[in-house]
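The values are calculated or read from the model by the stated rules, or taken from the named source; none is laboratory data. This structure is a prediction, so every number in the text was calculated from the model and none was measured. Because the Cβ atoms are built from the backbone with ideal geometry, glycine has one as well, and the counts that use them run over all protein chains shown. Surface areas here come from the heavy atoms of the whole protein model, side chains and all, with no ligands, DNA or RNA. Shrake-Rupley method; radii C 1.70, N 1.55, O 1.52, S 1.80 Å.
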Amino acid sequence: ESKTVFDVADRVNQRLGLTQFEGLADRIRELLRSTTKERAALAIAEEIALGKFGMLETEKALDYAVRAGLAVITDGVTVAPIQGIYSVTIKKNDDNSDYASISYAGPMRSAGGTEAALSVLIGDVVAKKLGLSPYRAREEEIGRYTEELRVYEREVGNFQYRVTDDDIRVAISNLPVEIDGVDTDPVEIVVHRNLKRVATDRVRGGAL
């Protein structure tokens with residue numbers, strides 16, 4: 001049976017199964033009355049991460065915060081926060097510092113490009129609040145994104161516009177949050193294989 005909900009706050013609470021967080025729905029309502037949806041999403045994500053509704057271990061706090069922020073952005077009506085985001089984890093840089101990594105299950109068409117991008121922004125804001133370091137891409141990882149995109153375009157399908165290799169390098173070199181993804185198509189990378197921080201050699205449509 002479908003559950004009865006009355007507003008965005010109720011939808012976010014029920015969709016993410018965050019009913020154990022006392023006062024969360026009321027706080028979302030309060031924020032949505034006083035500010036924009038985007039600012040409300042960032043604020044609720046920060047508050048979840050900082051333990052306002054109950055203390056969580058760091059990785060779990062990061063995960064809940066990113067999903068809840070995205071749910072507010074999408075009005076709690078799409079599956080993007082649950083199925084579009086496969087996982088939110090903490091990984092290690094080469095200097096042993098911790099960074100945030102968001103893994104996408106596939107292109108988040110149910111959310112839209114702006115909302116998908118905002119999920120990375122939310123991850124960055126929350127990661128800073130939790131004391132995590134920025135993601136520092138290895139050279140082979142930058143090459144992996146570039147090769148992966150060209151393989152995807154050749155073997156799977158095109159995106160809305162063509163991104164240059166230089167643009168990919170600039171973006172990945174400066175991203176404070178790693179954009180990862182599960183394999184979405186049975187097509188494999190040839191050169192940048194068996195990378196330690198990338199779980200698959202297949203193309204990752206969500207990451208691209």
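If you scan the stretch 189-201, which residues turn out to be under 15 Å from Glu147 (Cβ atoms) and open to solvent by less than 90 Å² (accessible area, probe 1.4 Å)?
Residues of the stretch 189-201 that are under 15 Å from Glu147 (Cβ atoms), as a first pass: 189-195, 198, 200-201.
Correct list: Ile189, His192, Arg193, Leu195, Val198, Thr200, Asp201.
In this structure, is Leu132 under 21 Å from Leu62 (Cα atoms) and either in contact with a helix residue (DSSP H, G or I) (Cβ under 7 Å, 6 or more places away or on another chain) or surrounded by 18 or more Cβ atoms within 10 Å (Cβ to Cβ) (or both)? So Leu132 fits the description; yes. Scanning the stretch 1-21 for residues that are exposed (fewer than 11 other Cβ atoms within 10 Å of the Cβ) and either in contact (Cβ under 8 Å) with a residue 24 or more places away in the chain or assigned to a helix (DSSP H, G or I) (or both) yields a single hit, Gln20. Each residue in the stretch 68-82 was checked for being over 22 Å from Lys129 (Cβ atoms), among the β-branched types (Val, Ile, Thr) and either in contact with a strand residue (DSSP E or B) (Cβ under 8 Å, 6 or more places away or on another chain) or touching a residue at least 60 places away in the same chain (Cβ under 8 Å) (or both), and 2 of them qualify.
Comparison of Leu32, Leu56, Leu62, Leu70 shows that the only residue that is of a type in the set (A, V, I, L, M, F, W, C), open to solvent by 40 Å² or more (accessible area, probe 1.4 Å) and part of a helix (DSSP H, G or I) is Leu32. For the stretch 100-120, the criterion of a residue being acidic (Asp, Glu), closer than 28 Å to Gly157 by Cβ and touching a residue at least 12 places away in the same chain (Cβ under 8 Å) is satisfied by at least one position.
Only one of the listed residues (Ile85, Ile102) is among the aliphatic types (A, V, I, L, M) and more than 18 Å from Leu130 (Cα to Cα). That residue is Ile85.
Considering Thr114, Thr164, Thr146, which residue is within 26 Å of Thr78 (Cβ to Cβ), out of contact with any Phe, Trp or Tyr (no Cβ under 8 Å at 6 or more places or on another chain) and either open to solvent by less than 40 Å² (accessible area, probe 1.4 Å) or of a type in the set (Val, Ile, Thr) (or both)?
Working: Thr164 fails: within 26 Å of Thr78 (Cβ to Cβ); Thr146 fails: within 26 Å of Thr78 (Cβ to Cβ).
Exactly one residue qualifies, and that residue is Thr114.
Residues that are touching a Leu at 6+ places or on another chain (Cβ under 7 Å) and polar (S, T, N, Q) occur at least once in the stretch 51-58.
Of all residues in the stretch 148-193, how many are more than 18 Å from Ser103 (Cβ to Cβ) and either of a type in the set (Asp, Glu) or free of Cβ contacts under 8 Å to residues at least 12 places away in the same chain (or both)?
Initially, the stretch 148-193 is screened for residues more than 18 Å from Ser103 (Cβ to Cβ), giving 150-151, 153-170, 173-174, 186-188, 190-191, 193.
Pick out the ones that are also either of a type in the set (Asp, Glu) or free of Cβ contacts under 8 Å to residues at least 12 places away in the same chain (or both) and you get 150, 153-155, 157-158, 160-162, 164-167, 170, 174, 188, 193.
Number of matching residues: 17.
For the stretch 78-108: of the residues being of a type outside the set (Gly, Ala, Ser), modelled with pLDDT of 95 or more and within 11 Å of the chain's Cα centre (by Cα), which is nearest to Gln160 (Cα to Cα)?
To start, the set of residues in the stretch 78-108 that are of a type outside the set (Gly, Ala, Ser) comprises 78-79, 81-83, 85-86, 88-96, 98-99, 102, 104, 107-108.
Filter once more, keeping what is modelled with pLDDT of 95 or more: 88-96, 98-99, 102.
Restricting the remaining residues to those that are within 11 Å of the chain's Cα centre (by Cα) gives 88-89, 102.
Details: Val88: 26, Thr89: 29, Ile102: 22 Å.
Looking at residues that are of a type outside the set (Gly, Ala, Ser), modelled with pLDDT of 95 or more and within 11 Å of the chain's Cα centre (by Cα), I get Ile102.
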